[in-house]
Amino acid sequence: MSRTLPPLLTERPEWQALVTHAHQLRGVHLRTLFADEPHRGEQLTAEAAGIYLDYSKNRLTGETIRLLVALAEGCGLRDQIEAMFRGEPINVTEHRPVLHVALRAPREATILVNGENVVPQVHAVLDRMADFATRLRQGEWRGYTGKPIRAVVNLGIGGSDLGPAMAYEALRWYSDRRLTFRFVSNVDPTDFVEAVRDLDPAETLFIVASKSFTTLETLTNARAAREWLLRRLGDARAVRHHFVAVSTNRSAVEAFGIDPANMFEFWDWVGGRYSLPSAIGLSLMIAIGPQHFQELLSGYRAIDEHFRSAPFAQNLPVLLGLIGLWYNNFFGAESVAILPYDQYLAKLPSYLQQLDMESNGKAVDWFGRRVTYQTGPIVWGQPGTNGQHAFFQLLHQGTKLVPCEFIGFARSLNPLGDQQDLLIANLIAQTEALAFGKTEAEVRASGVPEAQVPARTFPGNRPSTTILLEVLSPENLGKLIALYEHKVFTQGAIWQVNSFDQWGVELGKALASRILPELQQPSEPALAHDSSTNALIRWYRQHRAVSAPAT
Ligand code: F6P
């Protein structure tokens with residue numbers, strides 16, 4: 001039976017209207033927009049759930065927002081949001097619901113998957129996590145020799161690493177400082193060796209975090225951890241005191257030798273990059289305690305409710321998504337810079353990189369058609385003010401258009417003199433400098449020698465969005481993450497790509513498993529790759545046996 005496919009995105013009238021509108025706005029400078037609308041700095045803002053969003057320093061007008069909202073509505077964004085919250089199988093290639101929102105639903109909520117309410121399961125696991133975390137924090141969960149656990153090592157990669165590692169760093173201020181936390185992800189042996197170098201196995205707990213429990217890096221590191229532990233403790237019975245697992249795959253956990261009683265479960269309707277509020281957050285919960293973890297979840301929930309109910313023109317994740325799409329599809333921007341002005345958020349750009357790029361780095365739509373427009377951007381960034389002394393040169397005077405997203409807080413958790421004021425003065429100044437620049441006339445008037453005028457002129461018209469919150473609390477971190485999750489959802493829904501699969505990571509994994517034995521064989525079997533791959537394999541074989549330099 002033939003089905004009628006919706007029109008290609010670029011053929012929609014709302015898209016065409018945006019093409020025309022973008023053409024009109026392309027030559028207009030932010031200086032002109034601010035001169036024409038003196039109050040746009042107050043008007044082109046939105047505030048919800050304690051987040052202040054200023055999008056006035058973007059190359060757009062109220063009309064742009066109206067047209068973008070019309071596009072979102074025309075593309076059925078509202079229905080898509082509802083389909084997610086209702087647990088419909090919107091991950092179409094894997095035939096799964098996408099229900100990370102259920103992970104932070106209140107105890108009394110009902111969310112059905114195949115007719116079963118999943119909320120009680122979610123809370124049962126949260127309760128088990130809280131019980132475990134409390135026992136460990138109070139020194140009741142002991143290692144094999146009877147010593148209390150003092151170090152927690154999370155072994156995971158991708159979503160099973162970036163979320164906990166980012167959030168632990170972000171909420172370190174709230175953490176139990178008597179405990180040490182390490183996050184090992186890379187199959188590079190250095191990652192594991194350096195992480196455990198100063199740890200006492202008798203006091204160390206490993207959390208093997210893997211949704212699939214088949215991931216090469218994590219299982220390799222887990223085996224290395226077991227050997228490290230047994231080499232020192234000498235008894236296989238020690239494993240159950242020092243290993244717990246977080247996974248959807250009970251049989252693989254058991255096969256690895258971890259007691260299923262020490263497994264914290266989650267479900268295939270939670271994508272890896274959306275899994276921090278599930279049991280994948282166990283290391284974080286141990287660090288900050290169950291109460292703070294609950295606050296994190298309530299922050300997520302506040303933005304979930306806002307995303308589901310707020311009109312699009314005031315909806316923070318929708319606005320962020322639409323503004324990103326505006327530059328991506330109508331201004332040719334290739335990337336977006338995430339610039340948190342808080343050292344605790346140093347890992348947020350990497351976390352958002354996976355969230356966004358693994359979700360929307362797709363080139364076929366829901367119907368298997370090749371898209372004819374740009375999809376997910378390159379996401380990158382660094383905390384301020386460090387980035388200012390590294391790549392901001394390109395942001396201000398380079399040839400690329402890089403929309404920036406600044407994130408800042410009104411109060412520091414570590415007040416020290418006027419340093420927080422200095423930090424935020426820099427954040428605000430950067431948004432001003434990017435938008436308005438410094439004209440040739442202004443440079444000349446400041447007495448700069450004529451020969452230097454071109455190099456010292458700032459063109460301006462460089463867009464930025466600013467996100468401000470009161471303080472970096474667990475609740476506000478939850479809000480920030482949910483804000484970006486739903487931003488990514490908004491964009492994926494309009495681009496009609498499945499934001500919840502990641503087939504693009506598979507080919508490299510398969511080829512690596514073919515190449516591994518080829519690297520390890522001493523005499524050459526016929527290599528049947530291309531000439532470059534063959535030569536690389538041969539080079540490595542010739543050089544791999546040389547021992548490491550003495551320390
Ligand atoms: O390789 C991609 C990926 O599947 C990510 O999506 C995921 O977050 C990561 O690997 C880890 O997967 P797992 O939790 O199953 O070990």
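The values are calculated or read from the model by the stated rules, or taken from the named source; none is laboratory data. Quick caveat: nothing in here was measured; it's all calculated off a predicted structure. Every residue, glycine as well, gets a Cβ built from its backbone with ideal geometry; the counts of neighbours run over all protein chains shown. Accessible surface areas use protein heavy atoms only, side chains included; no ligands, DNA or RNA. Shrake-Rupley method; radii C 1.70, N 1.55, O 1.52, S 1.80 Å.
Numbers below:
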read-out: Scope segment 474-505; condition more than 14 Å from the ligand (Cβ to nearest atom) and over 22 Å from His306 (Cβ atoms); matching residues; value: Trp495, Gln496, Val497
read-out: Among (1) outside any helix (DSSP H, G or I); (2) open to solvent by 10 Å² or more (accessible area, probe 1.4 Å); (3) in contact with a helix residue (DSSP H, G or I) (Cβ under 9 Å, 6 or more places away or on another chain) - the single one Ile467 does not satisfy; value: (2)
read-out: Which numbered condition Val253 misses (of (1) over 16 Å from Leu162 (Cα atoms); (2) of a type in the set (A, V, I, L, M, F, W, C); (3) touching a Gly at 6+ places or on another chain (Cβ under 7 Å)); value: (3)
read-out: Options Glu405, Glu432: the member that is assigned to a helix (DSSP H, G or I) and surrounded by 12 or more Cβ atoms within 10 Å (Cβ to Cβ); value: Glu432
read-out: Selected residue (only one of Leu427, Leu395, Leu416 is farther than 30 Å from Arg172 by Cα and either part of a loop (DSSP other than H, G, I, E, B) or open to solvent by less than 90 Å² (accessible area, probe 1.4 Å) (or both)); value: Leu395
read-out: Selection count, segment 31-47, where residues are in contact with a helix residue (DSSP H, G or I) (Cβ under 9 Å, 6 or more places away or on another chain) and open to solvent by 20 Å² or more (accessible area, probe 1.4 Å); value: 6
read-out: Matching residues in segment 372-392 - criterion: being open to solvent by 80 Å² or more (accessible area, probe 1.4 Å) and in a strand (DSSP E or B); value: Ile378
read-out: Test for Pro97: is it open to solvent by less than 70 Å² (accessible area, probe 1.4 Å) and touching a strand residue (DSSP E or B) at 6+ places or on another chain (Cβ under 7 Å); value: yes
read-out: Residue pairs meeting the criteria (Cβ under 8 Å; at least 6 apart or on separate chains; first more than 20 Å from Leu468 (Cβ to Cβ) and of a type in the set (Phe, Trp, Tyr), in segment 384-397; second open to solvent by 40 Å² or more (accessible area, probe 1.4 Å) and assigned to a loop (DSSP other than H, G, I, E, B)); value: Phe391/Gln382
read-out: Any pair with Cβ under 6 angstrom, 6 or more apart, that starts in segment 107-135 at a residue that is outside any helix (DSSP H, G or I) and ends at one that is open to solvent by 70 Å² or more (accessible area, probe 1.4 Å); value: Asn117/Thr110
read-out: One residue from Lys509, Lys479 being over 20 Å from Pro403 (Cα atoms), modelled with pLDDT under 95 and of a type outside the set (Val, Ile, Thr); value: Lys509
read-out: Those residues of segment 175-192 which are away from the ligand (no atom under 16 Å from the Cβ), open to solvent by 30 Å² or more (accessible area, probe 1.4 Å) and assigned to a strand (DSSP E or B), in sequence order; value: Thr180, Arg182
read-out: One residue from Arg456, Arg462 being more than 16 Å from the ligand (Cβ to nearest atom), surrounded by fewer than 21 Cβ atoms within 10 Å (Cβ to Cβ) and either part of a strand (DSSP E or B) or among the basic types (Lys, Arg) (or both); value: Arg456
read-out: Condition broken by Asn360, with the remaining ones in (1) away from the ligand (no atom under 16 Å from the Cβ); (2) open to solvent by less than 10 Å² (accessible area, probe 1.4 Å) satisfied; value: (1)
read-out: Matching residues, segment 154-174, being part of a helix (DSSP H, G or I), open to solvent by less than 40 Å² (accessible area, probe 1.4 Å) and within 16 Å of the ligand (Cβ to nearest atom); value: Gly158, Gly159, Ser160, Gly163, Pro164, Ala165, Met166, Ala167
read-out: Residue satisfying all of: in segment 12-30; closer than 16 Å to Leu325 by Cα and without any contact (Cβ under 8 Å) to a residue 40 or more places away in the chain; surrounded by the most Cβ atoms within 10 Å (Cβ to Cβ) among these; value: Leu25
read-out: Residues of segment 487-512 that turn out to be surrounded by 10 or more Cβ atoms within 10 Å (Cβ to Cβ) and more than 30 Å from Pro317 (Cβ to Cβ), as a count; value: 3
read-out: First in segment 491-518 and under 13 Å from Thr533 (Cβ atoms), second anywhere and in a loop (DSSP other than H, G, I, E, B), Cβ under 9 Å, 6 or more apart; value: Leu511/His529; Arg514/His529; Ile515/His529; Glu518/Glu524; Glu518/Pro525; Glu518/Leu527; Glu518/His529
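Here is a yes/no grid of residues against (1) open to solvent by less than 20 Å² (accessible area, probe 1.4 Å); (2) part of a helix (DSSP H, G or I); (3) of a type in the set (S, T, N, Q):
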residue	(1), (2), (3)
Leu60	yes, no, no
Ile65	yes, yes, no
Ala70	no, yes, no
Glu73	no, yes, no
Gln80	no, yes, yes
Glu88	no, no, no
